[in-house]
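K.L.:
Please find one structure pasted underneath; my questions will follow.
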Amino acid sequence: MAKAIGIDYGKKRIGIAISDPLKIIAYPYQTIDRKVTPDYISEIKKIIEQKDIDSIVVGYPLTLSGNESQQTKVTLEFIDELKNKLEISIFKCDERLTSKEAEYYLRQKNLKPSKNKDKIDQLAASIILRQFLSSQK
């Protein structure tokens, strides 16, 4: 059974989460540092091939009032790039407050969010993916 990946797309880092084969649970998987990996699309493609992925869920950043922002436009360009380079189903999922929720989880484990930005991105991606998977049931 194929899995899904969740993506928290950012200017510096891209958080990746992967679902279980039944698409019930979302697990933080990895963070792609865009400076270290400028060809991040190839890295995402590698994950898709290695982990038997059949769909991508990208966090769709809106302002708290539900409006689009500059980051929304940047994310839409990223989604278009994925669509042009990968043959896979791609979905958007509202990502408002997912990074704040991820920071909260880290604080609960006595970890400093400022020193664990890569974990925040992975957790945010897993929250995005979890929300999407829950909405599909």
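The values are calculated or read from the model by the stated rules, or taken from the named source; none is laboratory data. Just so you know, these numbers come straight off a predicted model, no measurement behind them. All Cβ positions, glycine included, derive from the backbone under ideal geometry; neighbour counts span all protein chains shown. We work out accessible area using only protein heavy atoms, side chains counted, and drop any ligands, DNA or RNA first. Shrake-Rupley method; radii C 1.70, N 1.55, O 1.52, S 1.80 Å.
K.L.:
Output the number of the condition that ILE53 fails; it satisfies all remaining conditions of (1) touching a Leu at 6+ places or on another chain (Cβ under 8 Å); (2) modelled with pLDDT of 95 or more; (3) among the hydrophobic types (A, V, I, L, M, F, W, C).
P.N.:
Every listed condition holds for ILE53 apart from (1).
K.L.:
Shifting gears a bit: For the stretch 10-21, state whether one or more residues are among the aliphatic types (A, V, I, L, M), assigned to a loop (DSSP other than H, G, I, E, B) and closer than 21 Å to LEU133 by Cβ.
P.N.:
The answer is no; no qualifying residue exists.
K.L.:
Please note which helices (runs of 4 or more DSSP H) are completely contained in the stretch 36-137 and include at least 2 residues that are open to solvent by 30 Å² or more (accessible area, probe 1.4 Å), among the acidic types (Asp, Glu) and free of Cβ contacts under 8 Å to residues at least 24 places away in the same chain.
P.N.:
Counting at least 2 such residues, we get 40-50, 70-85.
K.L.:
Of all residues being out of contact with any Cys (no Cβ under 8 Å at 6 or more places or on another chain) and of a type in the set (Val, Ile, Thr) in the stretch 74-132, which is nearest to ILE48 (Cα to Cα)? Just the residue, please.
P.N.:
For the stretch 74-132, the residue satisfying everything is ILE88.
K.L.:
Of all residues in the stretch 22-35 being aliphatic (A, V, I, L, M) and surrounded by 13 or more Cβ atoms within 10 Å (Cβ to Cβ), which is farthest from PHE132 (Cα to Cα)?
P.N.:
ILE32
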